[in-house]
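Enquirer: Pasting in a structure now, in structure tokens, and then I'll have a few things to ask.
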Amino acid sequence: MGGEGKLTRDEEWAALQQVVYNTAKPCLGKTERKHQDWFDPTDQELQTLMSRRNQAHQRVLQTRSTSSTTAAYKNACRVLQKRTRALKSEWWERKAVGLQRAADRNNMKGF
């Protein structure tokens, strides 16, 4: 009967962590994202390209990998990567313009 019913140190810390988390969550709320996405997650073209890439990948996995299915998958990856790189580049260009505008106006808060 010596050690029955007692929690280990790790279990005690886990229980304490859960109590603190459950107590703080209603007061503090869920953490908000602090970074900006360089892509729009609802972009229909991007969703279509990702779907095509995923379908091509599934075909490669489900069938014996042939040169045509592998080529289709690589092409889908290439097209998706080209589009995402273009989106990222456009986002950085817009960001640079906004930063330059803030710097020109000596708006350090916006900078």
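Read the figures in this text as sums done on the coordinates, not as results from a lab. Note that the structure is a prediction, hence the values are computed from the model and not measured. Because the Cβ atoms are built from the backbone with ideal geometry, glycine has one as well, and the counts that use them run over all protein chains shown.
Enquirer: With +1 on each Lys and Arg Cβ and -1 on each Asp and Glu Cβ, how big is the dipole of the chain about its Cα centre, in debye rounded to the nearest 20?
Expert: Taking the Cα centre of the chain as origin, the dipole is about 680 debye.
Enquirer: What does the charge add up to near Phe39, with Lys and Arg as +1, Asp and Glu as -1, over the other residues with Cβ less than 10 Å from its Cβ?
Expert: Result for the local shell: -2.
Enquirer: Could you tell me how many degrees, from 0 to 90 and to the nearest 10, lie between the Cα long axis of helix 44-62 and the main elongation axis, the longest principal axis, of the Cα atoms of the chain?
Expert: That works out to roughly 80 degrees.
Enquirer: Could you pull out every one of the lysines with an alpha carbon less than 23 Å from that of Lys88, ignoring same-chain neighbours closer than 8 positions?
Expert: Leaving aside lysines fewer than 8 places away in the same chain, those within reach of Lys88 are Lys34, Lys74.
Enquirer: A further question on this structure: When the helix-only estimate is applied to the chain (DSSP H runs of n ≥ 4, each -39,500 (n - 2.57), divided by the residue count), what is the mean residue ellipticity at 222 nm, nearest 500 deg cm²/dmol? Numbers along the way, then the final one.
Expert: Details: 3 runs with 77 residues, N = 111.
So the calculated ellipticity at 222 nm is -24500 deg cm²/dmol.
Enquirer: So for segment 14-111, taking the charge dipole from beta-carbon charges (+1 Lys/Arg, -1 Asp/Glu), which of Leu80, Trp91, Ala102 sits furthest toward the positive end?
Expert: After comparing all options, I get Leu80.
Enquirer: Over segment 21-109, what is the relative contact order in percent, taking alpha-carbon pairs closer than 8 angstrom and at least six residues apart? Can you show the working numbers first?
Expert: Details: 32 pairs, mean separation 27.7, N = 89.
Dividing the mean separation by the residue count of segment 21-109 yields 31 percent.
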